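The values are calculated or read from the model by the stated rules, or taken from the named source; none is laboratory data. Because the structure is predicted, anything quoted here is derived from the model rather than measured. Virtual Cβ from ideal backbone geometry, glycine too; neighbours counted across all protein chains shown.
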Amino acid sequence: MSEFLQFLFSGVTVGAVYALVALGFTIIYNASDVVNFAQGEFVMLGGMITWFAHAAGLPLPLAALIAIVATAALGVAINKLAIEPARGAPVVSLIIITIGASVFLQGAAQLVFDKQIHSFPAFSGDRPLRIGGATIQPQSLWVIGGALVVFAGLWLFFTRTLLGRAVLATSNNRLAAQLVGINTNFVMTLSFALSAGIGALAGVLATPITLTAYNVGIGFALKGFAGAMLGGMGNPKGALAGGFLIGLIEALTAGYLSSTYKEAAAFVVILLVLFFMPQGLFGRKSTERV
Amino acid sequence: MPKLSAKSATLLVLAALIAVTPFFFPSGYYYRVGALIFVNGLAVTGIVILTGYAGQISLGHAGFAGIGGYACALAPTHLGLHPSLAVVLGAAISAVLAWLVGRPILRLKGYYLAVATLGFGILVAMVLNNERALTGGPDGIAVPDLGLRGLLKDWGLELTNGQFWYFFCGLVLLAGAWIALNLHQSPTGRALRALHGSEIAARTVGVDVARLKLQAFVISAVYASVAGSLVALQNKFITPDVAGFMHSIEMVTMAVLGGAGSVLGAIFGAGVLTLLPQALTVLAEYEQLVLGLVMMLVMIFLRDGLLPSILRKLRGTGE
Amino acid sequence: MTLLSVEGLGITFGGLKAVNDVSFKVEPGEIVSVIGPNGAGKTTLFNMISGIYQPGAGRVVLKGEDVTGMRPDLLARRGMSRTFQNLQIFQAMTVLENAISGFHLREKGPVLADLLNLPASRRRSREAREGALALLARVGLDRAADREAGNLSYGSLKRLEIARALAMNPAVLLLDEPAAGCNAVETEEIDHLIAEVAASGTAILLVEHDMKMVMRISNHIVVLDHGEKIAEGAPAEVSRNPAVIAAYLGTEEGADADG
């Protein structure tokens, strides 16, 4: 029992990171129908920039803030320089562009930083908390809390603020949104900033536990996407639930089946979802217009 | 003078390049580089069928290359198969896997295929890295000799190792290009290009879209598998890197750089991206940076790829 | 036996009834037109009949077989073909290749034969090519055969789409605004073509805004407004129907008549 609880804790912890990545996917997908494969790199950048700034002597909170702001700025730059010029391009082109951005950021990270594995101290110490015979790192609570706070914040933003509603309107119908005077380019910029910032935050929160390196992004992207898809592409609630579920499935696979192949769990989930319920847990069937 | 068909022209240009370039090689080393270009060109020709013709994308085709490569390492020692039959076995396993993975995915839109193939490639690389007892793990494993060079020697044709692989891979590439060009002008190829243009219209003329995409996916997987086998046999050694994510990305980049819509263009792209790191060894550090940049720039500014754009300039049509 | 029978067809988009309880029949060789104001649900109705949307209610029966919501490629095998309001042309292919693609069901064969360019594959390609050239001549596009389809004028593309649909030798052909965006001469050409096709025994189901054309060539007209059928009958009857006139003029009575 305590063993199960232990797996549960670790599953919820990584699941929170995947949920944050899935939320990042969802924001951009809703605003533009683009699946941004560079989403995982934002997590990597969040961790790497924080480590770098902290190692250079800055206090951790400041280093984290710099990482989040810098990553958000990079997200905006990717949108402006690579996505916007390709508006209207076929899906395959957009996939190649965002994968290109992902590979580029990886390449840049190994040049600017290095190829080593890094970490920085946990926010509230390393002494594990004992709950029901299992232990949990204080940092895990930071990660889980971060995911929930971000989700709540997004919910408030999208339902309670004019700007948030403008983003929603754009995701429903771009042309109509333009007609009622919404600056859809600004909405795109905002979505990328938000999405990249959330990704970086995930990296900041998770690095003391998961460690970081220039090449961790693609794994986060794959699992975050699996979470978003499991929940139903484009649905924030689904992204949150899907992300946590992927984390749990992975932790239970590692615990009970094989720790070597826990990485495969997300992929198996992707295939099963595609087989049995392509619209995901919370998704709706969409009708294509011709 | 009868007009040369695009197919014959492409094959003639390729054959001429393969035959004539060695006269300009300053050293035997260049046969190796040439063979590498041809192997990459073969894998990328498969991408042309999948991406250029059918408009689908795979971010995990290196997984199939890995299967083809390791089949040549494992089947001869464990099953007692001749290496040439191991190539066939690898291709068959790749085809079956592609069919199994592709079947659920290809009914859905592009993003799902991209992610699922990405995951598939990572999974194959993971297995190759982890099953040390069988695959030797990250350090790689030895691959037996194909034996064909010895056979040719017995028949009186003596080639250096580099020369042999240069011409052998060149011939395989020619065969692969011939098949891909056949497909282009065939009923199946037309249906693939039709569903690329408009899935909905393709359906209304009776194209079974899911089935055709699956066919393209399986065919392209076989190309990647054979390419992987050739790399393994030529190097007499293979590591899991052949199945790695970056190798998948390289394949896609080569195809779109040269022009995924045309066989010659894609092979040209394979040539450029294979030569680049050879020409500029200082670039090794920047390889990923450059790859990523090339992917973005080509998709934004040269969506048809380098070769079609150059040809258009030469013709001066300005279209 | 009735060729195509639409029975109580309906669909809802986000709580809104886009099409509700629409029924009518199409007999071989007949030209049946579906008319109605913008947003009346004509294209949605077409998309349901041709298997692109899954109907929420009702049935589509083709030659006695229930084909409701069947995949378009399976409908094609059963003799249904269509064109699109907003052109669905294979832009990167030549005009001839576009027309050949209409022969897909007859020219397709084992993929291995295609890969290896076996004689059987070449023969299938050649036959489809000859058929396609004949069709292009029929719609006046034979001289453009080798041009890339994306470079053609709008009116030519409309004709190309019809040629592609005709290549299947369909029992019933759905034409969604074939004359939209065409000039007077082009409209008349399409007009003749439709009459000719119907005369050869293919039933035509037509959505069209050009009322003169509809009145001239239709055997039977179905009128939709706000997703519901408000009238049907011969052209002369329909044009005198007060509910139809009201729907087109958009008066209060018109709105009531939707009921």
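Looking at the structure I just gave you, is B:Phe64 surrounded by 24 or more Cβ atoms within 10 Å (Cβ to Cβ) and over 20 Å from B:Leu214 (Cβ atoms)? Spelling it out, it is not the case that B:Phe64 is surrounded by 24 or more Cβ atoms within 10 Å (Cβ to Cβ) and over 20 Å from B:Leu214 (Cβ atoms).
The selection criterion, being among the polar types (S, T, N, Q), at negative phi and within 14 Å of chain B (Cβ to nearest Cβ), does not hold for A:Ser195. One residue alone among A:Gly238, A:Gly242 is within 12 Å of A:Gly224 (Cα to Cα) and either within 14 Å of chain B (Cβ to nearest Cβ) or assigned to a loop (DSSP other than H, G, I, E, B) (or both), and that residue is A:Gly242. Taken over segment C:91-107, residues that are facing another protein chain (nearest Cβ under 7 Å), outside any helix (DSSP H, G or I) and over 12 Å from C:Arg147 (Cα atoms) amount to 1. Under the condition of being surrounded by 11 or more Cβ atoms within 10 Å (Cβ to Cβ), free of Cβ contacts under 8 Å to residues at least 12 places away in the same chain and polar (S, T, N, Q), the residues counted in segment B:1-57 number 2. Scan segment B:206-218 residue by residue and report those that are touching an Asp or Glu at 6+ places or on another chain (Cβ under 8 Å) and either more than 9 Å from chain C (Cβ to nearest Cβ) or not in a helix (DSSP H, G or I) (or both). Result: B:Gly206, B:Val207, B:Asp208. Close contacts from segment B:80-106, counting a first residue that is away from every other protein chain (no Cβ under 14 Å) and within 30 Å of B:Ala142 (Cβ to Cβ) and a second that is in a helix (DSSP H, G or I) and among the hydroxyl-bearing types (Ser, Thr, Tyr), with Cβ to Cβ under 7 Å and a gap of 6+ residues or different chains, come to B:Val87/B:Ser229; B:Gly90/B:Ser225; B:Gly90/B:Ser229; B:Ser94/B:Ser225.
To keep it simple, each residue is scored yes or no on (1) of a type in the set (Val, Ile, Thr); (2) touching a Pro at 6+ places or on another chain (Cβ under 7 Å); (3) modelled with pLDDT of 95 or more.
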residue	(1), (2), (3)
A:Leu65	no, no, yes
A:Val69	yes, no, yes
A:Gly75	no, no, yes
A:Glu84	no, no, no
A:Ala89	no, no, no
A:Ser93	no, no, no
A:Gly100	no, no, no
A:Leu111	no, no, no
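Looking only at residues in segment B:174-186 that are at the interface with chain C (Cβ under 7 Å from one of its Cβ atoms) and buried (at least 24 other Cβ atoms within 10 Å of the Cβ), the one that is farthest from C:Leu175 (Cα to Cα) is B:Leu183. Number of residues in segment A:30-47 that are buried (at least 24 other Cβ atoms within 10 Å of the Cβ) and in a helix (DSSP H, G or I) equals 9. Could you please let me know if A:Leu105 is at the interface with chain B (Cβ under 10 Å from one of its Cβ atoms) and either under 18 Å from the mean Cα position of the chain (by Cα) or of a type in the set (A, V, I, L, M) (or both)? Yes, satisfied. Each residue in segment A:26-45 was checked for being among the hydroxyl-bearing types (Ser, Thr, Tyr) and facing another protein chain (nearest Cβ under 10 Å), and 1 of them qualify.
Report those helices (runs of 4 or more DSSP H) wholly inside segment A:135-222 carrying at least 3 residues which are under 22 Å from A:Phe37 (Cβ atoms), of a type outside the set (Lys, Arg) and out of contact with any His (no Cβ under 6 Å at 6 or more places or on another chain).
By residue number, A:138-160, A:162-172, A:184-210.
If the condition is being under 19 Å from C:Glu107 (Cα atoms), out of contact with any Gly (no Cβ under 6 Å at 6 or more places or on another chain) and part of a helix (DSSP H, G or I), then segment C:163-185 contributes C:Ala163, C:Ala165, C:Leu166. A single member of B:Ala114, B:Ala95 is at pLDDT below 90, of a type in the set (A, V, I, L, M), assigned to a helix (DSSP H, G or I) and out of contact with any His (no Cβ under 6 Å at 6 or more places or on another chain), and it is B:Ala114.
Restricting attention to segment B:235-275, the residues being more than 14 Å from chain A (Cβ to nearest Cβ), surrounded by fewer than 24 Cβ atoms within 10 Å (Cβ to Cβ) and more than 25 Å from B:Tyr53 (Cβ to Cβ) number 5. Taking segment A:108-125, which residues are within 10 Å of another protein chain (Cβ to nearest Cβ) and of a type in the set (S, T, N, Q)? Within segment A:108-125, A:Gln110 is the sole residue that qualifies. In the set (1) free of Cβ contacts under 8 Å to residues at least 24 places away in the same chain; (2) closer than 30 Å to B:Glu131 by Cβ; (3) not acidic (Asp, Glu), the condition left unmet by B:Ala279 is number (2).
Of all residues in segment B:98-111, count the ones that are at pLDDT 85 or above, touching a helix residue (DSSP H, G or I) at 6+ places or on another chain (Cβ under 8 Å) and hydrophobic (A, V, I, L, M, F, W, C).
3
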